[in-house]
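Structure, as structure tokens:
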Amino acid sequence: MNDKPRLHSAGPHHLDRARDLRPLIESEAAEAEALGRLTEPVVTALHEAGLFDVWLPAPLGGAELSPPELLAVFEELSYADPSTGWVVMATTLENGTGGAYLGDEAVEDIFRGPRTPLFAGQGTRPGTAVPEDGGFRLTGRWSFASAMPHARYVHSLGVVEGTGEERIFITPVEDAKLLGNWDVLGLRATGSVDYAIDGAFVPESRTHPFAQREPLRGGAIYRLGLLDQALICHSAWALGVGRRLLDELVRHVAARAGRPGQLADSDTFHAGLARAEAAHRAARALVRETWDDTARTLDAGGPLSTRQETMVRLALNHATSTLTDVAGFAYTSGGTTALRDGLLQRLFRDAHAGAQHITSGPQALRECGRELAGLAPGEEWAVFSLEPRRP
């Protein structure tokens with residue numbers, strides 16, 4: 001008998017709520033970009049709609065959506081506004097995995113309030129953790145802490161001195177010094193500032209191994225581990241932003257149809273739009289296919305194969321590269337409208353900012369090709385590279 005936890009499913013309720021919030025999110029997007037963070041009306045509405053709970057384990061009162069459900073919600077929010085989608089996917093990944101992997105004492109303290117707490121932080125470029133009775137002293141500097149202006153807790157990667165073990169450390173936001181250096185091309189409303197922590201004590205229950213795959217609470221989604229769950233976020237984000245770019249471009253062209261010399265009369269534009277539409281739909285189909293396959297394996301209690309982990313990485317990389325192609329086509333087709341401050345320009349900038357994320361980088365793509373070519377026998381995925389399988 002299989003006693004592994006199965007996938008939890010909450011149905012379309014949260015997707016419906018995300019769709020209902022689109023008019024508010026769109027109306028606040030320009031102000032959010034100017035502020036460098038989401039506006040309070042949007043943050044409050046996301047809380048009230050339960051959209052910061054989508055990844056939280058069901059035993060803690062969360063929705064604990066399945067991978068296909070998470071993809072749909074993040075795609076919808078990213079369509080409404082790329083920064084809003086990014087903030088929600090980042091903080092829910094971190095509070096969800098915290099709820100699944102942290103010790104009982106930490107969970108009882110952190111998740112006891114009426115609202116799900118928001119997390120921000122960084123899972124790359126680790127700091128240093130010095131063991132101390134009952135916990136660790138954490139020191140380091142981290143970059144791109146998405147959602148930091150809204151966070152109560154900080155999620156940081158550290159390496160334990162003496163053992164080399166990589167762990168995630170959860171600290172109150174008051175323990176972090178925010179460095180305020182958020183001057184970037186796109187995704188400006190994510191408030192992804194750098195931060196530093198200098199010798200903060202972190203109780204052991206507020207830490208967990210970076211590579212942890214067995215949840216202390218919650219179902220099968222948490223057996224993906226932190227990194228593979230992050231791939232859900234960025235795949236959905238790329239799909240939502242790509243769809244919005246194409247839809248905005250079509251609206252732009254339709255509004256100018258009938259005037260001499262407009263794109264609506266260009267055969268070259270027609271062919272280019274058809275190719276961009278096909279590429280986006282193909283990328284979306286690949287993402288959906290790979291995560292549907294993964295969901296079936298998780299629900300049956302099995303571990304992912306190396307090929308399945310290859311495919312979810314490849315699907316993300318392909319979706320991201322397709323997004324930048326679509327963004328380039330939309331920008332050049334939009335002419336001076338895209339050049340000026342406005343939605344097309346912002347979508348172009350956000351698309352290229354999000355494409356810089358490490359999960360969509362070239363190393364993973366090269367490793368995917370090596371595995372697909374049959375040149376990695378006996379190897380398994382370790383973050384962004386393939387390594388010999390551990391006994």
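What follows draws every value from the coordinates through simple rules; no lab data is involved. Computed from a predicted structure; not experimentally measured. Note that each Cβ is placed from the backbone with ideal geometry, even for glycine, and that neighbours are counted across all protein chains shown.
Odds and ends about this structure:
- Each Lys and Arg Cβ is given +1 and each Asp and Glu Cβ -1; about its Cα centre, the range 119-209 then shows a dipole of about 340 debye.
- Between the beta carbons of Arg296 and Glu166, assuming R0 = 45 Å, the FRET efficiency works out to 0.90 to the nearest 0.05.
- The reciprocal of the average 1/r between distinct C-alpha atoms defines the Kirkwood hydrodynamic radius, which for the chain equals 21.6 Å.
- A Förster radius of 56 Å combined with the Cβ-Cβ distance from Thr139 to Asp265 puts the calculated FRET efficiency at roughly 0.35.
- Glu108/Ala58 FRET efficiency (R0 22 Å; Cβ-Cβ; nearest 0.05): 0.85
- Backbone N within the range 30-68 under 18 Å of label point (7 Å from Lys4 Cα along the Cβ vector): 66-68
- MRE, 222 nm, helices only [DSSP H, n ≥ 4, -39500 (n - 2.57), over the chain, to nearest 500]: -16500 deg cm²/dmol
- Only Lys, Arg (+1) and Asp, Glu (-1) charged, at Cβ; the range 1-58 dipole about Cα centre in debye: 360
- Computed across the range 13-110, the Kirkwood radius stands at 13.7 Å (inverse of mean 1/r, all Cα pairs).
- Farthest towards the positive end of the charge dipole of the chain, among the residues Phe384, Tyr222, Ala274, is the Cα of Ala274, using unit charges on the Cβ of Lys, Arg, Asp and Glu.
- The range 119-214: GluC sites (Glu not before Pro) in DSSP coil with no more than 15 other Cβ atoms inside 10 Å: Glu161, Glu165
- Over the range 127-183, the Kirkwood radius and the radius of gyration, each from Cα atoms, give a ratio Rg/Rh of 0.99.
- Two-site label geometry, Arg340 and Ile358: point separation in nm, points 7 Å out along Cα→Cβ: 4.1
- Checking every one of the chymotrypsin sites (Phe, Trp or Tyr not before Pro) in the range 207-278 against DSSP loop status and a limit of 14 other Cβ atoms within 10 Å picks out no site at all.
- Rounded if a/c under 1.5, otherwise prolate or oblate - the range 39-85, Cα gyration tensor axes: oblate
- Here the range 220-380 is assigned +1 on the Cβ of each Lys and Arg and -1 on the Cβ of each Asp and Glu. Its dipole about the Cα centre then comes out at about 500 debye.
- D by Stokes-Einstein for the range 220-380, Kirkwood Rh over Cα pairs, 10 °C, 1.306 mPa s: 92 µm²/s.
- Near-label residues of the range 29-58 by backbone N, under 18 Å of a point 7 Å along Cα→Cβ of His13: 45-58
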